[in-house]
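The values are calculated or read from the model by the stated rules, or taken from the named source; none is laboratory data. As the structure is a prediction and not an experimental result, all values here were calculated from the model. Glycine also receives a Cβ, built like all others from the backbone with ideal geometry; neighbour counts cover every protein chain displayed. Quick note on the areas: whole protein, heavy atoms, side chains included, nothing else; ligands and nucleic acids left out. Shrake-Rupley method; radii C 1.70, N 1.55, O 1.52, S 1.80 Å.
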Amino acid sequence: MRILSLTCLAILTTVAIAAAETPSNTHCPMSGKPIDPKLGCVAMKLGDGPDAQTVQVGTCTKECADMLVADGKTYRVRVWSTMKDDPKHPHIKGFPPDEVKEACCNVTCPVSGKAIDPARKPVNYRFSEAFTQKNPDAQKSVLVGFCSDHCMGEFTAAPQKFEDALWLQQKNKKVKNK
Ligand SMILES: [Zn+2]
Ligand SMILES: [Zn+2]
């Protein structure tokens, strides 16, 4: 009995999910859907070197939380994209530009057509229901990079205008990566 309870304790302490913490995001980094506060948070380190900081990440399902716990490094730009801008830490820095470019579905800005600026936080965008019904192959939740704040503002004001262009970029990028 004693051994059993020690094992349970070990499991509880190795998995970095804490119910008491307040999440720094409102939407799940993996799906773009609203988070479920009942699931608690995954503690993750974002950024590299002296700019690194630990953030509390909420998710929409247990599966999303498990993916972050298992392979946080792969998804950390996604996590960054859902972080609320905190007055104490307005920008989480320290991501290599290539990592940000790789994580975004687009190479050029959907608004201006210029190259995206990988120093900017990408937008975590979930395609509309109407779009995903027409294009079932499109990845539903994507990271979108921009060249400027102005373009990001235009996009977030009316994102559905840019869905076709984003899907085209997503397809082209996949072909290029092969
Ligand atoms: Zn999720
Ligand atoms: Zn732009």
Hey, Lys33 touching a residue at least 12 places away in the same chain (Cβ under 8 Å), closer than 18 Å to Lys173 by Cβ and surrounded by fewer than 17 Cβ atoms within 10 Å (Cβ to Cβ) or not
no
What are the pairs, 6+ residues apart or on separate chains, where a residue within region 156-178 that is more than 16 Å from Gly113 (Cβ to Cβ) has its Cβ under 9 Å from a residue that is modelled with pLDDT of 95 or more and exposed (fewer than 13 other Cβ atoms within 10 Å of the Cβ)?
none
Take Ala70 and tell me if it is open to solvent by less than 50 Å² (accessible area, probe 1.4 Å) and outside the structural domain of Phe146 (by TED's automatic domain parsing).
no
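Yes or no, residue by residue, for (1) within 12 Å of the chain's Cα centre (by Cα); (2) modelled with pLDDT of 95 or more; (3) assigned to a loop (DSSP other than H, G, I, E, B):
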| site | (1), (2), (3) |
| --- | --- |
| Leu4 | no, no, no |
| Ala10 | no, no, no |
| Thr13 | no, no, no |
| Ala20 | no, no, yes |
| Pro23 | no, no, yes |
| Lys38 | no, no, no |
| Met44 | no, no, no |
| Cys64 | yes, yes, no |
| Asp71 | no, no, no |
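For region 25-36, enumerate the residues that are within 13 Å of the chain's Cα centre (by Cα) and either at pLDDT below 95 or assigned to a loop (DSSP other than H, G, I, E, B) (or both). Spell out the reasoning first.
At the first step, the residues of region 25-36 found to be within 13 Å of the chain's Cα centre (by Cα) are 25-35.
Listed by number, the residues that qualify are Asn25, Thr26, Cys28, Pro29, Met30, Ser31, Gly32, Lys33, Ile35.
Somewhere in region 136-155, is a residue basic (Lys, Arg) and touching a residue at least 12 places away in the same chain (Cβ under 8 Å)? Show your work before the answer.
Looking only at region 136-155, we keep the residues that are basic (Lys, Arg), and these are 140.
Among the residues that remain, those that are also touching a residue at least 12 places away in the same chain (Cβ under 8 Å) are: 140.
Looking for residues that are basic (Lys, Arg) and touching a residue at least 12 places away in the same chain (Cβ under 8 Å), one finds at least one in region 136-155, hence yes.
So which residues in region 53-65 are away from ligand 1 (no atom under 11 Å from the Cβ), within 20 Å of Glu99 (Cβ to Cβ) and open to solvent by less than 60 Å² (accessible area, probe 1.4 Å)? Step through it out loud before you land on a result.
Initial filter on region 53-65 (away from ligand 1 (no atom under 11 Å from the Cβ)): 53-56.
Those left that are additionally within 20 Å of Glu99 (Cβ to Cβ): 53-55.
Hits for region 53-65 are Gln53, Val55.
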Only residues that are at pLDDT 95 or above and either farther than 19 Å from Lys101 by Cα or among the small types (Gly, Ala, Ser) (or both): list them for region 134-149, please.
Gly145, Ser148
From the residues in region 80-100 that are closer than 23 Å to Ala158 by Cα and buried (at least 17 other Cβ atoms within 10 Å of the Cβ), which one is modelled with the lowest pLDDT?
Met83
Of all the residues that make up region 100-115, how many are charged (D, E, K, R) and in contact with a Gly (Cβ under 8 Å, 6 or more places away or on another chain)?
1
Could you tell me which of the residues Pro118, Pro110, Pro50 is surrounded by fewer than 22 Cβ atoms within 10 Å (Cβ to Cβ), of a type outside the set (Gly, Ala, Ser) and assigned by TED's automatic domain parsing to the domain that holds Pro159?
Pro118
Do you know which residues across region 131-178 are acidic (Asp, Glu) and open to solvent by less than 100 Å² (accessible area, probe 1.4 Å)?
Glu154, Glu163
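Residues checked against (1) acidic (Asp, Glu); (2) closer than 29 Å to Cys41 by Cα; (3) in contact with a helix residue (DSSP H, G or I) (Cβ under 9 Å, 6 or more places away or on another chain):
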position: Ser81; (1), (2), (3): no, yes, yes
position: Phe95; (1), (2), (3): no, yes, yes
position: Gln133; (1), (2), (3): no, no, no
position: Phe162; (1), (2), (3): no, no, yes
position: Lys171; (1), (2), (3): no, no, no
